[in-house]
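Accompanying notes for the structure given below.
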Amino acid sequence: MDITRTITVSQPFTDVAQRVREALAAQGFGVLTEIDMTATMKEKRGADIEDFLVLGACNPELAERALHIDRRIGVRLPCNVVVRATDRTGRVATIVELMNPQLLATVTDDPDLAPIADEADRRMSAVL
């Protein structure tokens, strides 16, 4: 099972990051954390990397249902969504990657988590 779902779009990083935030909200996900990896790597390591943003997204209703079944799901929350710039042969492109929501069900092998993972997968697929 792939751990991520990925798309690449031919749009600037800043535009895509905003559209991803809006798409997450439209699917009931709030952004709990936002990590600017570009700034962090520069500050902590002196490294220059592409525009790279990690959004910690959470759908409270789905999270509550999953935590009710198995508290260990907490280590998988929030669901990280990465937006990062790339240069594909001189063309502007941005990659959006998100955690495969089906991992929620496989972490514990609890069949009661499958419908929640399916719903999270449907919503995250709509975000992409």
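Would you check which residues across segment 21-44 are hydrophobic (A, V, I, L, M, F, W, C) and part of a helix (DSSP H, G or I) and list them?
Initially, segment 21-44 is screened for residues hydrophobic (A, V, I, L, M, F, W, C), giving 23-26, 29, 31-32, 35, 37, 39, 41.
Ala23, Leu24, Ala25, Ala26, Met37, Ala39, Met41, listed by residue number.
Write out, first by first residue and then by second, each pair whose Cβ atoms fall under 7 Å of each other, whose residues are 6+ apart or on separate chains, and whose first residue, in segment 27-52, is touching a residue at least 60 places away in the same chain (Cβ under 8 Å) while the second is in a strand (DSSP E or B) and not small (Gly, Ala, Ser).
Phe29/Cys58
Within the set of pairs 6 or more residues apart or between chains, which connect a residue that is over 15 Å from Leu24 (Cα atoms) inside segment 77-88 to a residue that is assigned to a strand (DSSP E or B) and among the small types (Gly, Ala, Ser) with Cβ atoms less than 7 Å apart?
Thr86/Ala93
Which is closer than 16 Å to Ile3 by Cα and within 12 Å of the chain's Cα centre (by Cα), of Asn100, Asn59? If you could, list the steps in order and put the result at the bottom.
Working: Asn59 fails: closer than 16 Å to Ile3 by Cα.
When all the criteria are applied, what remains is Asn100.
Among the residues of segment 38-77, which ones are surrounded by 16 or more Cβ atoms within 10 Å (Cβ to Cβ) and under 23 Å from Thr8 (Cβ atoms)?
Correct list: Thr38, Asp51, Phe52, Leu53, Val54, Leu55, Gly56, Ala57.
Which pairs do you get when a residue that is touching a residue at least 12 places away in the same chain (Cβ under 8 Å), found in segment 100-128, comes within reach of a residue that is of a type in the set (Asp, Glu) and in a helix (DSSP H, G or I), reach meaning Cβ atoms under 7 angstrom, with the pair 6+ apart or on two chains?
Here the result reads Pro101/Asp121; Gln102/Asp121, each pair linking segment 100-128 to a residue that is of a type in the set (Asp, Glu) and in a helix (DSSP H, G or I).
Answer yes or no: is there a residue in segment 66-74 that is outside any helix (DSSP H, G or I) and closer than 20 Å to Gln27 by Cα. Break it down stepwise before answering.
Keep residues of segment 66-74 that are outside any helix (DSSP H, G or I), which gives 70.
Narrowing further to those that are closer than 20 Å to Gln27 by Cα: none.
No, segment 66-74 has no match at all.
For Asp2, work out the one condition from (1) under 17 Å from the mean Cα position of the chain (by Cα); (2) assigned to a loop (DSSP other than H, G, I, E, B); (3) surrounded by 13 or more Cβ atoms within 10 Å (Cβ to Cβ); (4) of a type in the set (D, E, K, R) it doesn't fulfil.
The number of the failed condition is (3).
Here are some conditions: (1) among the aliphatic types (A, V, I, L, M); (2) over 17 Å from the mean Cα position of the chain (by Cα); (3) crowded, with 16+ Cβ neighbours inside 10 Å. Val82 meets all but one. Which one does it not meet?
(2)
For segment 23-54, enumerate the residues that are within 13 Å of the chain's Cα centre (by Cα) and among the acidic types (Asp, Glu). Can you show your working first?
To start, the set of residues in segment 23-54 that are within 13 Å of the chain's Cα centre (by Cα) comprises 23-25, 27, 29-35, 52-54.
Within segment 23-54, just Glu34 meets the criteria.
Would you confirm, using the coordinates I've provided, whether Met99 is in contact with a Leu (Cβ under 7 Å, 6 or more places away or on another chain) and surrounded by 17 or more Cβ atoms within 10 Å (Cβ to Cβ)? Write out each step before concluding.
Numbers: in contact with a Leu (Cβ under 7 Å, 6 or more places away or on another chain): no; surrounded by 17 or more Cβ atoms within 10 Å (Cβ to Cβ): yes.
Spelling it out, it is not the case that Met99 is in contact with a Leu (Cβ under 7 Å, 6 or more places away or on another chain) and surrounded by 17 or more Cβ atoms within 10 Å (Cβ to Cβ).
No lab work stands behind these numbers, since they all come straight from the coordinates. This structure is a prediction, so every number in the text was calculated from the model and none was measured. Backbone-built Cβ (ideal geometry, glycine too); neighbour counts: all protein chains shown.
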